[in-house]
Structures are given as C-alpha cells and as structure tokens.
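The values are calculated or read from the model by the stated rules, or taken from the named source; none is laboratory data. The structure displayed is predicted, hence computed values, not measured ones. Here the Cβ positions follow ideal geometry from the backbone for every residue, glycine too, while neighbour counts run over all protein chains shown. Surface accessibility is based on the protein's heavy atoms, side chains included, excluding ligands, DNA and RNA. Shrake-Rupley method; radii C 1.70, N 1.55, O 1.52, S 1.80 Å.
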Amino acid sequence: SGINAEYGVQDVAKYSIHQMHTKGDTLLSRGEIAGGVYLIISGKARVVSSLKQGTKADVARTFSVHLACHHRHNDFLGSGSIVGEQSILVNRKRGSYVVCESDLQCYFISAENMHGLMLKYPIIEENLWRICSLRIATSLLSKTEAYKTSTFEDLSEMCERSILSTLVPETNNGVFEVDSMISEIVVVYGEVRCFPTNTQVIGPKVVPHGSTKIHLVTPCKMLVILNKEYQIDLDEFNKIPRDVAKSEVFSSNSYSGSLLAQSEVEMVRKSEAKLFTTINQDP
C-alpha cells in the first residue's frame, strides 16, 4: 500500500544501464561476487552449472555440448527475464553460469542500486523472491527421483501452482503443518527441522516426503506447491496490491514491470509475519 507505481518505474529506469552482449559471452560466472541484476530486452541465454574456461570460441563450443546433454532441465532465459536475482537477495556468490545463446540486449542494475530500490519499493523484493523461488524449486525437483523424467515445462507448470510463504519462528510457535493439499515444499531460504524424522533442512532444499510438521529454526521463505486435485484460488495468495494493479505503467510491454508488478507477487497471509526486507547474512 502507498506504493507510487509511476515513480517506481522511473527509479528503475534511472538506475538501468543498457548493455550489448554477443553469442557465447558469459553473462554471469559461478563463484563471482554479485555485481547486480540483468533484465533481458532481446536475445536468449541459458543457466548452466559448469563451463570450461577459455576463449569466447571455447566457451561457445563447451556451451553447445553442455546444452546437448542437459537441455531438458536447463533454465532458458529470454526477453523479459531477470538474471542474477538470487545472489542479490541472499547476499551469496553466483552459483551458476549464464551464457548468451544469441546476441543479447539487456539492462543492468548494480547491486547497490538494487538494494536501494528494494528498500524503497518492497514489492520489487517480493517479486524477485517469487521469480527466484520458482527457478530454485524447478531446478531442485528436476534432480529428484520422482521427477527425473519430467520436462522442464511440466515442472515449471507444477511449481507455478504454489504459494510463496514468508515465515518466522514466532509465528504459530514456529510450526508449519503439512497436509494432504500440499504436493511438495521447497525451503528457498532459511533453516527448518522436519518431523517425524527430525531431519535438518537448510535452503535451498526440498523437504523430505512424509514430513508432517516443519519446525522453523530461522526466518524462512518456503515455496508450498499444491496438489492439482484441489481447486484453490491462488490469486488470493499470489496477487499484487490493488493500487499497483490499477497503474497503467505496469504493462507487459514495460521491462520495469517485470520487477515492479506481476500476478505472482505475494500477498502474505494475516497469520504470517513478513520476513525482514533486507537479509544481511545467510542462515
């Protein structure tokens, strides 16, 4: 509430630096300190877990081989995609490589300016958490036995049927009940213990099947994926504030809109307390 959408878009645009990259360029490198986020205007990129170091030609060749072997679950990034948000949100080094599959145009926003925008416009942070959570959940579930034959598209669709919950240990005595409506739970950030097995889970990680209760050890972000058999209006939980939704500046044609408004922005339930706006340390 009280978010001035027009000023928000103007501020995002003010801090955005236009960049051009060519096919084979490495946009992000694993292990590097996060310098900022990228908003792709045109072109294509892929997220890969490993990449041979060398010249641009070497990178392009290695990238092609990697895609041939791992195409099923690689994260494709195109126009409108945001790149590098996870490292900004949790203040960690980059965990993967992002390589340009074609010539690419993008806007770059530095980490310092991104943190400033998130403090000024909390909806930006909420939207980034949702995007980040869906990517993490899709990637983690693709590596499990239950979903090893699923396509990236099927997993993405399943993960969209979810609620991003922001929880703190002080809420409901720090206990999250798991019922039959829930298909999977992915701890995106934070630490929990799963019962009855008393298994420790530190995000990002999938909660073990058979868990009936989750005890919060630290503040957490959890993506709760619901069974498709249940007809639930997810818009009640994943929606944007009314004053933002009415703003004309948040159109699908605006790259700033991908940060400031999507149908996936979380509306936290009354029984849940909001996680701190800025997290300075990993759990």
*Looking only at the range 231-245, decide whether some residue is open to solvent by less than 30 Å² (accessible area, probe 1.4 Å) and at pLDDT 85 or above.*
no
*Would you be able to say whether some residue in the range 101-108 is open to solvent by less than 30 Å² (accessible area, probe 1.4 Å) and either under 17 Å from the mean Cα position of the chain (by Cα) or of a type outside the set (A, V, I, L, M, F, W, C) (or both)?*
no
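Residue-wise test of (1) more than 27 Å from Gly95 (Cα to Cα); (2) open to solvent by less than 70 Å² (accessible area, probe 1.4 Å).
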site	(1), (2)
Ser139	no, yes
Leu167	no, yes
Asn173	yes, no
Gln200	no, no
His209	no, no
Ile214	no, yes
Met222	no, yes
Glu229	yes, no
*How about the range 73-168: which helices (runs of 4 or more DSSP H) wholly inside it have at least 1 residues that are under 30 Å from Lys14 (Cα atoms)?*
85-90, 111-120, 122-142
*Among Ser87, Ser162, Ser156, which is surrounded by fewer than 19 Cβ atoms within 10 Å (Cβ to Cβ) and not aromatic (Phe, Trp, Tyr)?*
Ser156
*Answer with yes or no whether Met181 is closer than 14 Å to Leu226 by Cα and surrounded by fewer than 17 Cβ atoms within 10 Å (Cβ to Cβ).*
yes
_Cβ-Cβ under 8 Å, sequence separation 6+ or interchain: first residue in the range 18-33 and open to solvent by 70 Å² or more (accessible area, probe 1.4 Å), partner of a type in the set (D, E, K, R) and assigned to a loop (DSSP other than H, G, I, E, B). Which pairs?_
Met20/Asp103; Lys23/Glu101; Lys23/Asp103; Arg30/Lys93; Arg30/Arg94; Ile33/Lys93; Ile33/Arg94
*When Val217 is evaluated against the numbered criteria (1) in contact (Cβ under 8 Å) with a residue 40 or more places away in the chain; (2) in contact with a His (Cβ under 8 Å, 6 or more places away or on another chain), which criterion, by number, is the only one it fails?*
(2)
